[in-house]
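Q: I am attaching a structure below and will ask some questions about it afterwards.
Coordinate-derived values only; no laboratory data. In this text the structure is predicted, and so the values were computed from the model without any measurement. Methodologically, a virtual Cβ is constructed for each residue, glycine included, from the backbone with ideal geometry; neighbour enumeration extends over all protein chains shown.
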Amino acid sequence: MDIRFQMAQKSDQMTIRTLLQEVKLPTESVGKGTTTFYVAKQEDSIVGIAGYEFYGDDALLRSVAVLPRLQSQGVGSNVFNHMLSVARERRIRRIVLLTETAQKFFERKGFKMVDRSAITNQLMLQSSEFTVACPKSAVCMVLELAVQDRLKEFL
């Protein structure tokens, strides 16, 4: 499957919102400028999306979504891998996320479950993801890139 990635354009906002609604993910950050969205395109159609909110050298991963007809075909992993490369290019040390449905997926990608109290970045804690979009029952997960990258140097 030939997929290319790019930063979302303003013209992509309606498609992003529609996909998020289809997979039952929050839409409150679309068009507000707080989340930098990236799109996965096959030909001229968006087949997957993900977003980051950047807080210094921390990033909050938001809204990893794939068209339902393409789920379980590796598209989500491709989207995540692209987001991981974006984080590394920006020298992000830690990726944080909240999820109600994708814990196993993110565990396979190296994320560890943590208590929300482990998140001390005050700006991140003010994000709509933490304050209104995800309920307290959502699982908080962290991927420490600095540690992961240092381990690769020794292998």
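Q: Could you put Lys136, Lys112 in order, starting from the residue whose Cβ has the fewest other Cβ atoms within 10 Å?
A: Ordered by Cβ neighbours within 10 Å, fewest first: Lys136, Lys112.
Q: Could you give the longest part of the chain that holds none of the GluC sites (Glu not before Pro) found in DSSP loops with at most 16 neighbouring Cβ atoms within 10 Å?
A: Longest run free of exposed loop sites: 44-99.
Q: Let me ask something additional. Using 0.36 nm per residue, how much length does the chain from Thr131 to Arg88 gain when fully extended, once their Cα-Cα distance is taken away?
A: On the way: separation 43, 0.36 × 43 = 15.48 nm, distance 2.67 nm.
Stretched fully, the Thr131-Arg88 segment lengthens by 12.8 nm.
Q: Still on this model: In nm, what is the difference between 0.36 nm times the number of residues separating Thr27 and Ser117 and their Cα-Cα distance?
A: Length difference between fully extended and current span is 29.9 nm.
Q: Moving on. Given Leu125, Ser85, Tyr55, which one lies farthest toward the positive end of the charge dipole of the stretch 4-154, if we put +1 on the Cβ of every Lys and Arg and -1 on the Cβ of every Asp and Glu?
A: Result: Ser85, furthest along the dipole toward the positive end.
Q: Related question: For the chain, modelled as a Gaussian network with Cα springs under 10 Å, which listed residue fluctuates most, Asp12, Asp58, Asp44?
A: Asp44
Q: Averaging sequence separations of C-alpha pairs under 8 Å and six or more residues apart, then dividing by the length of the stretch 4-154, give the relative contact order as a whole percent.
A: Reported as a whole number, the value is 20 percent.
Q: Another question about this same structure. For the stretch 125-146 and the stretch 5-81, what is the separation of their Cα centres, given in Å?
A: If you average the Cα positions of each part, the centres end up 17 Å apart.
Q: Using the Cα centre of the chain as the reference point, and only Cβ charges (+1 on K/R, -1 on D/E), how large is the resulting charge dipole? Debye, rounded to the nearest 20.
A: Here the size comes out at about 160 debye.
Q: Name the most mobile residue of Met83, Met141, Met14, meaning the one with the largest mean-square fluctuation, in a Gaussian network model of the chain with Cα contacts below 10 Å.
A: Of the options given, Met14 has the highest mean-square fluctuation.
Q: Then there is this: Return the long-range amide H neighbours of Val47 (sequence gap of 5 or more, or a different chain), with a cut-off of under 5 Å between placed amide H atoms.
A: Amide H neighbours of Val47, under 5 Å, 5+ apart: Ala40, Lys41, Gln42.
Q: For a quick check of your reading of the filter: which chymotrypsin sites (Phe, Trp or Tyr not before Pro) in the stretch 24-125 sit in a DSSP loop and have no more than 13 other Cβ atoms within 10 Å?
A: none
Q: Still on this structure: For the chain, report the translational diffusion coefficient in µm²/s to the nearest whole number, using Stokes-Einstein at 10 °C, 1.306 mPa s, and a Kirkwood Rh over Cα pairs.
A: The estimated diffusion coefficient comes to 100 µm²/s.
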